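Here is the structure we will look at, set down as structure tokens.
Since every read-out is calculated from the coordinates, none of them should be taken as a lab result. Source: prediction; values computed, not measured. Glycine also receives a Cβ, built like all others from the backbone with ideal geometry; neighbour counts cover every protein chain displayed.
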Amino acid sequence: MTFLQFAYRNVVRNRRVYAAYFMASSFSVMVFFIYSMLLFHPSIENQFIQDIAFMGMAVADVVLVIFTLFFLLYSLSAFLQARSKEFGILQQLGMDRGQLQRLVFTETMILGIFALATGLFFGYIFTKFFFMIIRAMLVLESLPLYFSLEPFLLTTVVFVTLFIIISIAGSVFIRQSPIVQLMIGGNRVSESTHYSTVGAWVSFGLLSVAYGLVIYSLFTMNVWWSPVIVLCAIWGSYYFFKDGMLYLIYSLRNHKNVYWRSTRIVTFSDAIEKIRENSRMYFIVTMVSTLAIISVGVVASLTSFANQYRESNPISVLYLSEATNPFERQHIAGLTADFYEQNLTYTLLTAPIVKQTSAATNDPVHLLRETDINTIAAVLKEPLIDLEPGEGMRFGQPVNEANQQLIHLRENTIYFHVGEGYMHFPLPEAAFDGPAYILSDEDYDRISNAYLYGRWDENLTTIFAFHVPDWLRTDAIGLDLDREMIASYETGEQLPFYFDNPGLNYSYISSTFSLLLVTGLLVAAVLILAAGSFIYFKFYTNLEKDRRQFEVLRHMGLTNQELRMIADRQLYPQFFLPWGLAMLHATFSFLFLQAVWVDIAALSIAMEMLIVLGVFTTIQAAYYFLIRWRYLAHLQLNDE
């Protein structure tokens, strides 16, 4: 048997140990390859989508590679610890350190090559399904599966390099371990359990400061506290698992009515040892889980904003033309031609806007007729208004008791009281140089004098509102006008017209957020798989030790039901202690995110956040029951 065959058979023989490592590696390769296939896709001609896809996927690839490197290094150290006794026996039989180092390097590379091949194979299979989702999200005509060497070469080079680094690190880990330590392996006698009371109170204090600053920021909207909040949460979590949990458990041990009952003495003793041994693992799982939940929550909130975009922009295509606009007829003809080319039906609604001056502020105001607004509202199925003479409504702005006012027009002897705002289809603020108000027909008809300031023919602006039932297909309407608007923003040029196409804007927003959502979900899937794998590694490393412990308890007379109760209580903290703290971190993060969205767009993301938290909790619960089933089977404690 050659050395390579020996290494290969070692991998096959320890396949249960390496199962989670292999699965996580393959999944990381598959996700990276799918991202690469989209990056190099030849059919994406839209420059905006190309830029978004490249930036989003490139960032995701970098994050994925960095995290995968860290994750695989940690998991490999756990595997080598589980096989430490085997390595000690090999050294006793005459294998020198160099050969053992070569063996570990070869085994790790074999695993890596198989994981790379598996990831590429399943990645190419699932790429078609991924492209179908992307095509639907980006509303592309086609996004066919293609074959190119570039994604394969990029994925292969990146992950072969990654596996070489990991294999070298594993070899160094073995080389630095003495034979006696390898022979003892996972059966080393635990050091005396020690914790710092100061560290425990520091953890409680840091977490309290982090959560307190979040609540404080909700009222002040001060985002500058964010770095402090993140640092306090990280260090607070670390010291919580290192000292805080042990402090709490020892505090419970002082209450004999809690500690000296049934099998709790065994559970508490084992919990103390496991928390001390696995405090760093708990901390890593907490941070990884928090990152996964928050990343999905953020992109889900962005998607919620995109979905509510239509509600805040009910007018499909809007064109505002000043009286001095020489391009009005040309532009309207061009828009109607675009609708004809796209085979879209539309309803064109027009309404004049008169410009006047507020006597109180000497600033311009824009006035609309009640009947014109009701005509547009009826087509858009928005609420109608009914104003009496002397009443007015602020268009597109809320009005409360603090900002109710009596408006007097300088050019005309007209007074009207503004008591509320009309918020149902606000016109873009960029189209006006002052507030807009809706007047009753009687008051509007009394306006006779033109705008005093500026030219006499500048007092009239006309709204051209195109209502399109199939508004998502308007992304090709008025592209030239949209480019002119963008150019005017960049140069500061004042145009005699204003153009807005929410369907086109929505296509950009939806494309961006959809790609971010898919990217976030795939990266979060890798993070969640890794977080579960961390627990699995520690679980499998201590499996033989736990089996002997339960065998002793069985000989002492404990029933299977009592042993299962002990096993459950040992598994609970390993799964739900870091998960509970991660959920707490994520909940406070979402509260802060909700406050930010309310401040920006008056948007509620409560439902999206509840769904995200619920889905991740379900995943964790399913993973717990799967591991519990295998754990009880190994301990021979499953129900007959």
- Item | Of the chymotrypsin sites (Phe, Trp or Tyr not before Pro) in segment 97-173, those whose Cβ has at most 11 other Cβ within 10 Å and which sit in DSSP loop | PHE147
- Hey, rough spin-label estimate for TYR508 and THR197, points 7 angstrom out along Cα→Cβ, what's it come to in nanometres? 6.2
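Given contacts defined as C-alpha pairs under 8 Å and at least six residues apart, what's the relative contact order of segment 317-500, whole-number percent?
37
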- Task: Can you figure out the FRET efficiency of TYR8 with ILE165, using R₀ = 30 Å and their beta-carbon distance, to the nearest 0.05?
- Result: 0.90
- Simple SL model, points at 7 angstrom along Cα→Cβ for LEU145 and SER208; separation in nm is 5.8
- Query: With the dipole of segment 317-500 worked out from charges on the C-beta (+1 for Lys and Arg, -1 for Asp and Glu) around the Cα centre, which of LEU320, ALA337, TYR415 lies farthest toward the positive end?
  - Reply: TYR415
- Note on the structure: Of all DSSP beta bridges having both residues in segment 317-500, the percent classed as antiparallel (nearest 5) is 75
- Message: Starting from the 7 Å offset along Cα-to-Cβ, what nm value, one decimal, do you get for the label separation of ARG16 and GLU551?
- Response: 1.4
- Item | Rounded to whole Hz, the Karplus (6.51, -1.76, 1.60) HN-Hα couplings of segment 280-295, x for glycine and proline | 5, 5, 4, 4, 5, 4, 4, 5, 5, 5, 4, 4, 5, 5, 5, 4
- Note on the structure: In terms of the alpha carbon gyration tensor, root eigenvalues a ≥ b ≥ c, rounded if a/c is under 1.5 and otherwise prolate when a/b exceeds b/c or oblate, segment 317-500 is prolate
- Note on the structure: Expected vector for segment 157-164, Karplus 3J(HN,Hα) from phi with 6.51, -1.76, 1.60 and θ = phi - 60°, integer Hz, x for Gly and Pro, equals 4, 5, 7, 5, 4, 4, 5, 5
- Between segment 97-160 and segment 306-370, how many Å separate their Cα centres? 51
- Task: Read phi for every residue in segment 556-562 and hand back ³J(HN,Hα) as whole Hz from Karplus 6.51 cos²θ - 1.76 cosθ + 1.60, θ = phi - 60°, with x for Gly and Pro.
- Result: 6, x, 6, 7, 4, 5, 5
- Item | Other-chain or far-sequence residues with amide H under 5 Å of THR357's (modelled H) | VAL365, ARG410, GLU411
- In what order do LEU93, LEU367, LEU349, LEU4 fall by count of nearby beta-carbon atoms within 10 Å, going from fewest to most? LEU93, LEU4, LEU349, LEU367
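Would you list LEU543, LEU111 from fewest to most Cβ contacts within 10 Å?
Placing the least packed residue first, the sequence is LEU543, LEU111.
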